[in-house]
1. How many residues are over 11 Å from the mean Cα position of the chain (by Cα) and surrounded by fewer than 14 Cβ atoms within 10 Å (Cβ to Cβ) when one looks only at the stretch 75-89?
2. How many of the residues making up the stretch 37-48 are more than 22 Å from P89 (Cα to Cα), part of a helix (DSSP H, G or I) and either of a type in the set (G, A, S) or touching a helix residue (DSSP H, G or I) at 6+ places or on another chain (Cβ under 7 Å) (or both)?
3. Give the number of residues within the stretch 85-115 that are at pLDDT 95 or above, assigned to a loop (DSSP other than H, G, I, E, B) and in contact with a strand residue (DSSP E or B) (Cβ under 8 Å, 6 or more places away or on another chain).
4. Looking only at residues that are in contact (Cβ under 8 Å) with a residue 12 or more places away in the chain and part of a helix (DSSP H, G or I) in the stretch 125-137, which one is surrounded by the most Cβ atoms within 10 Å (Cβ to Cβ)?
5. If you go through the stretch 64-84, how many residues are among the polar types (S, T, N, Q), out of contact with any Lys or Arg (no Cβ under 6 Å at 6 or more places or on another chain), over 13 Å from Y24 (Cβ atoms) and assigned to a loop (DSSP other than H, G, I, E, B)?
6. For residues in the stretch 26-36 being modelled with pLDDT of 95 or more and not aliphatic (A, V, I, L, M), which is surrounded by the fewest Cβ atoms within 10 Å (Cβ to Cβ)?
7. If you take the residues of the stretch 49-62 that are assigned to a loop (DSSP other than H, G, I, E, B) and modelled with pLDDT of 95 or more, which of them is farthest from G109 (Cα to Cα)?
8. Six or more apart or on different chains, Cβ atoms under 6 Å: show the pairs whose first residue is in the stretch 22-39 and closer than 26 Å to L83 by Cα and whose second is acidic (D, E).
Amino acid sequence: MSDEIDANEELLLQAMTVEQTPEYKAEAGTALLKSEKLAKLSDVVEALKQVFDPEIPINVYDLGLIYRMNQAENGNLDIDMTLTAPGCPVAEVMPQQVADAAASVKGVGKVSVRVVWEPQWTVERLSDDAKEMLEMF
């Protein structure tokens, strides 16, 4: 009996072992000239609101998928984002869509987007507008 329990424990531990999550990155844009005026981050946010999750009719910003945007003095932009799940079917496409949208804003240089998995996305990250759209109130 104890061998059977040990085998079941081993199977359970294997099932609970988290495989390494995939790493997704995307780049877009070109370096700015020193004379170019830097974009406002609020303009970048508006551009990101044009990128929608195809499964949920809400943009990536209001979904709470954008975790961090860091604009360097030269106009380059680093963005950390997440996805609703590691197995998301658009995992390979959405980071590039985000990079392209950000790079389309006048005054943004090179854009680098990195998908991060910590902290894990939850519905609490939804904006009030997104919650309203999903009638979660």
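1. 2
2. Step one: of the stretch 37-48, the residues more than 22 Å from P89 (Cα to Cα) are 37-47.
Filter again for part of a helix (DSSP H, G or I), leaving 41-47.
Those still in the list that are either of a type in the set (G, A, S) or touching a helix residue (DSSP H, G or I) at 6+ places or on another chain (Cβ under 7 Å) (or both) too: 42, 44, 47.
So the answer is 3.
3. Of the residues in that region, 3 qualify.
4. Of the residues in the stretch 125-137, the ones in contact (Cβ under 8 Å) with a residue 12 or more places away in the chain are 125-127, 129-130, 133-134, 136.
Next, from what is left, pick out any that are part of a helix (DSSP H, G or I): 125, 129-130, 133.
Working: R125: 17, D129: 13, A130: 19, M133: 15.
Residue satisfying both the conditions and the ranking: A130.
5. Initially, the stretch 64-84 is screened for residues among the polar types (S, T, N, Q), giving 70-71, 74, 76, 82, 84.
Now drop any that are not out of contact with any Lys or Arg (no Cβ under 6 Å at 6 or more places or on another chain), which leaves 70-71, 74, 82, 84.
Restricting the remaining residues to those that are over 13 Å from Y24 (Cβ atoms) gives 70-71, 74, 84.
Those left that are additionally assigned to a loop (DSSP other than H, G, I, E, B): 74, 84.
Of the residues in that region, 2 qualify.
6. Result: T30.
7. Going through the stretch 49-62, the residues assigned to a loop (DSSP other than H, G, I, E, B) turn out to be 49-51, 53-58, 60-62.
Filter again for modelled with pLDDT of 95 or more, leaving 49-51, 60-62.
Working: K49: 19, Q50: 19, V51: 19, V60: 21, Y61: 20, D62: 24 Å.
Here the answer is D62.
8. So the pair list comes out as A28/D100.
The values are calculated or read from the model by the stated rules, or taken from the named source; none is laboratory data. Remember, predicted model here, so these are calculated numbers, not experimental data. Note that we place each Cβ from the backbone using ideal geometry, even for glycine, and neighbour counts take in every protein chain shown.
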